[in-house]
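Visitor: Could you have a look at this structure, given as structure tokens, before my questions?
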Amino acid sequence: MLIGLDFDNTLAAYDRVFSDAAHARGYIDGDSILPKIDVRTRIRALAGGEEKWKALQGEVYGRRMKDAELMPGADAFLARCKANGVDVVIVSHKTPFGHYDPDQINLHDAARAWMTAQGFFDPDHFGLGEDAVYFETTRSEKVARLAGRGCTHFGDDLEEVFLEPEFPDGVTRILYDPSGSAGDEGPFERHSDWKSIERTILGD
């Protein structure tokens with residue numbers, strides 16, 4: 001068994017970071033924490049909204065990456081994988097730099113630094129090897145990577161990944177959909193939380 005996992009919005013949670021960054025820029029009012037998808041909808045409705053949204057993404061995935069949180073329940077899943085000797089690889093579609101980031105922070109380095117801080121590579125914590133993390137610049141390269149590594153399972157928050165023509169047959173497709181916003185049907189198993197994913201892959 002080799003479990004492949006997406007990174008952004010599957011392992012790393014950004015609701016608080018996007019809300020804080022949007023408030024700081026004056027894009028949204030108040031100080032409440034909104035789901036990332038709601039922040040995106042509100043910003044895209046502004047004048048020049050698409051550019052504003054892309055700039056915010058560059059900021060969040062760059063200099064604010066350190067403020068992201070681990071998805072609830074993902075820590076227990078990763079710890080149980082380590083305890084049971086189940087290998088995990090992370091395969092993400094992530095460009096090296098944000099197109100609208102004036103600081104041009106390397107997003108791959110920022111993500112790896114966050115994983116280090118969260119204990120991903122600590123042998124006494126989750127114990128992943130640093131060579132078990134892949135950042136690919138296109139979705140097709142991401143799919144090719146998980147196929148090449150021989151993943152038996154793959155977890156992602158985007159149903160579009162599972163609909164890629166080259167997505168390998170025989171891989172159990174785990175859609176992480178806590179908001180319930182994905183389409184009603186697709187070639188995947190839908191899960192609203194990490195505990196459900198854990199039970200499906202590793203049993204009770």
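The values are calculated or read from the model by the stated rules, or taken from the named source; none is laboratory data. Bear in mind that the values here come from a model prediction, so they are computed numbers and not experimental data. Cβ atoms come from the backbone with ideal geometry, glycine included; neighbour counts cover every protein chain shown. Surface areas here come from the heavy atoms of the whole protein model, side chains and all, with no ligands, DNA or RNA. Shrake-Rupley method; radii C 1.70, N 1.55, O 1.52, S 1.80 Å.
Visitor: Please determine, in degrees from 0 to 90 and to the nearest 10, the orientation of helix 139-149 with respect to the longest principal axis defined by the Cα atoms of the chain, where the helix direction is its Cα long axis.
Guide: 20 degrees
Visitor: Where nothing but the Cβ of Lys and Arg (+1) and of Asp and Glu (-1) is charged, how large is the charge dipole of region 101-204 around its Cα centre, in debye to the nearest 20?
Guide: 220 debye
Visitor: Taking amide hydrogens as modeled 1.01 Å from N in the peptide plane, which residues meet the under 5 Å criterion relative to Y134, leaving out close sequence neighbours?
Guide: Those lying under 5 Å, H to H, from Y134 are I90, V91, S92.
Visitor: What is the spin-label model distance, in nm, from T172 to S192 if the labels are put 7 Å beyond Cα along the C-beta direction?
Guide: The two pseudo-label positions are separated by 2.1 nm.
Visitor: Let me ask something else about it. Can you tell me the 0 to 90 degree angle between the C-alpha axis of helix 74-84 and the longest principal axis of the chain, rounded to 10?
Guide: It works out to around 20 degrees.
Visitor: Obtain the nm distance between the two label points defined at A83 and A113 by a simple spin-label model: each point lies 7 Å from its Cα along the Cα-to-C-beta direction.
Guide: Here the answer is 3.3 nm between the modelled labels.
Visitor: Cut-off under 26 Å on the C-alpha distance; same-chain residues fewer than 8 positions from K52 excluded. Which lysines are left, in chain and number order?
Guide: List returned: K36, K66, K94.
Visitor: Taking all protein chains in place and a 1.4 Å probe, what share, in percent, of the accessible surface of region 28-84 do carbon and sulfur account for?
Guide: Looking at region 28-84 in its full context, I get 49 percent from C and S.
Visitor: Roughly how big is the chain's charge dipole about its Cα centre, with Cβ charges of +1 (Lys, Arg) and -1 (Asp, Glu), in debye to the nearest 20?
Guide: Dipole magnitude for the chain comes out near 280 debye.
Visitor: Let me ask another. Give me Rg/Rg_expected for region 42-95, where Rg uses Cα atoms only and Rg_expected = 2.2 N^0.38 Å with N residues.
Guide: Expressed relative to 2.2 N^0.38 Å, the Cα Rg reads 1.66.
Visitor: Also, I was wondering about something else. What does the net charge come to around C151 if you take all other residues with beta carbon closer than 14 Å to its beta carbon, with K and R at +1 and D and E at -1?
Guide: -3
Visitor: Further question on the same structure: In debye to the nearest 20, how big a dipole does region 102-155 give about its Cα centre with +1 on each Lys and Arg Cβ and -1 on each Asp and Glu Cβ?
Guide: Using Cβ point charges on Lys, Arg, Asp and Glu, region 102-155 gives about 320 debye.
Visitor: I'd like to know which of A55, S32, L11 lies farthest towards the positive end of the charge dipole of region 1-95, counting +1 on Cβ of Lys and Arg and -1 on Cβ of Asp and Glu.
Guide: Of the options given, the answer is A55.
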